[in-house]
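Below is one structure, written out as structure tokens, with a few remarks after it.
The values are calculated or read from the model by the stated rules, or taken from the named source; none is laboratory data. Keep in mind it's a predicted model, so treat the numbers as computed, not measured. Note: ideal-geometry Cβ built from the backbone for every residue, glycine included; neighbour counts use all protein chains shown.
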């Protein structure tokens with residue numbers, strides 16, 4: 001049993017001396033608590049000691065980094081952090097914070113010296129490794145250096161890209177905001193040529209999820225916009241737009257914390273000229289069409305593209321936009337027609353092109369597969385043969401039959417439609433008969 005006398009009491013400066021006599025294998029609980037308090041008093045009365053030293057960290061570029069130390073000893077304790085062997089005066093507390101690690105911070109070495117009236121102690125080194133971080137990209141009207149005319153829409157696309165986007169498998173990066181959906185962690189800043197911030201009333205198409213799990217093959221995309229009536233009163237001039245993701249104050253467990261800013265978008269805002277070139281008129285109509293789609297108005301979007309093609313029937317950009325818009329709105333046959341028109345114009349205008357129009361060819365293949373996947377089902381009941389198939393919006397059909405698969409006879413072009421399907425009935429032939437459906 002351990003005992004102590006009044007002569008051995010701690011004076012706050014000199015450690016108490018203990019005497020030990022073995023009396024029992026069992027120590028009273030109250031005594032254990034007293035002994036524990038005495039030991040703490042001894043540790044807290046001398047020079048500093050390290051309980052937990054700073055640990056190595058590996059983070060993504062832009063991520064917040066916090067090095068921490070836990071020390072004991074007589075108060076007060078003072079902390080002096082070192083970076084790469086030299087003193088750093090950015091922190092005099094038990095933690096050292098880098099708000100947003102940069103690639104130049106990679107391999108930096110950190111340590112801390114803890115000091116009190118009785119001495120000092122220096123920790124072991126902690127190494128910081130910084131990997132290329134998630135990327136924030138921004139564009140206005142699909143350009144980094146757009147020339148925008150007042151009265152035209154401004155469509156801003158901000159994307160969050162995983163640092164391992166090119167790899168097949170990646171770990172998810174969780175993006176959240178302090179309050180509300182993750183999109184509120186994105187801030188758009190616009191500055192004029194005098195580097196003064198200006199307030200443009202951007203609208204946002206809100207995402208459907210509060211938290212974004214960013215993976216390699218699926219960037220997080222936000223669409224901001226200004227309508228024609230909102231760009232008209234803006235002052236002409238040169239501007240710079242940046243998008244910043246800031247999640248340093250997020251408390252969601254496992255969420256990424258840091259700051260990343262996009263490459264600036266350099267904007268030239270001027271008045272629309274009295275006469276537009278074909279390229280300018282195409283850009284205007286396509287912007288108005290995209291803006292209409294953002295507002296949920298595909299009819300207005302079609303009207304804007306039709307206005308472009310009425311003036312320039314062979315405008316490749318207009319035909320390509322029309323094909324994609326029709327495909328996305330469930331009109332594959334009309335989309336295929338627009339796609340073929342665009343490809344025909346490209347072939348006639350650029351017969352010696354070295355690169356094929358890959359995007360259009362991929363779209364055409366997808367549409368052809370969709371249209372070619374129609375299956376005819378047949379039923380025979382009470383002497384009546386019924387042919388049924390799924391209807392494609394905007395498509396018309398021609399039903400033909402043959403007995404030898406060489407000569408085909410037109411049987412019908414008008415069909416009864418119900419619940420997304422069309423059907424046709426006939427009396428069965430006494431000989432083998434084949435049917436085919438031609439989509440027009």
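Every listed requirement among (1) surrounded by fewer than 17 Cβ atoms within 10 Å (Cβ to Cβ); (2) part of a loop (DSSP other than H, G, I, E, B); (3) without any contact (Cβ under 8 Å) to a residue 60 or more places away in the chain is met by residue 124 save one, (3). Restricting attention to the stretch 301-320 and to residues that are touching a residue at least 12 places away in the same chain (Cβ under 8 Å) and under 20 Å from residue 227 (Cα atoms), the residue that is surrounded by the fewest Cβ atoms within 10 Å (Cβ to Cβ) turns out to be 307. Return yes when residue 260 is at pLDDT below 95 and part of a strand (DSSP E or B) and no when it is not. In short, yes. Regarding residue 385, is this residue touching a helix residue (DSSP H, G or I) at 6+ places or on another chain (Cβ under 7 Å) and either assigned to a helix (DSSP H, G or I) or surrounded by 12 or more Cβ atoms within 10 Å (Cβ to Cβ) (or both)? So residue 385 does not fit the description; no.
So is residue 47 modelled with pLDDT of 90 or more, part of a loop (DSSP other than H, G, I, E, B), surrounded by fewer than 16 Cβ atoms within 10 Å (Cβ to Cβ) and touching a strand residue (DSSP E or B) at 6+ places or on another chain (Cβ under 6 Å) or not? Against the criterion (modelled with pLDDT of 90 or more, part of a loop (DSSP other than H, G, I, E, B), surrounded by fewer than 16 Cβ atoms within 10 Å (Cβ to Cβ) and touching a strand residue (DSSP E or B) at 6+ places or on another chain (Cβ under 6 Å)), residue 47 qualifies. Among the residues of the stretch 191-203, is there at least one that is closer than 18 Å to residue 263 by Cβ and in contact with a helix residue (DSSP H, G or I) (Cβ under 8 Å, 6 or more places away or on another chain)? Within the stretch 191-203, not a single residue is closer than 18 Å to residue 263 by Cβ and in contact with a helix residue (DSSP H, G or I) (Cβ under 8 Å, 6 or more places away or on another chain). State whether the residues of the stretch 333-355 include one that is assigned by TED's automatic domain parsing to the domain that holds residue 289, touching a strand residue (DSSP E or B) at 6+ places or on another chain (Cβ under 9 Å), in contact (Cβ under 8 Å) with a residue 60 or more places away in the chain and in a helix (DSSP H, G or I). Yes; the residues of the stretch 333-355 include at least one that is assigned by TED's automatic domain parsing to the domain that holds residue 289, touching a strand residue (DSSP E or B) at 6+ places or on another chain (Cβ under 9 Å), in contact (Cβ under 8 Å) with a residue 60 or more places away in the chain and in a helix (DSSP H, G or I). None of 254, 330, 237 is in contact (Cβ under 8 Å) with a residue 40 or more places away in the chain, outside the structural domain of residue 181 (by TED's automatic domain parsing) and surrounded by fewer than 17 Cβ atoms within 10 Å (Cβ to Cβ) except 330.
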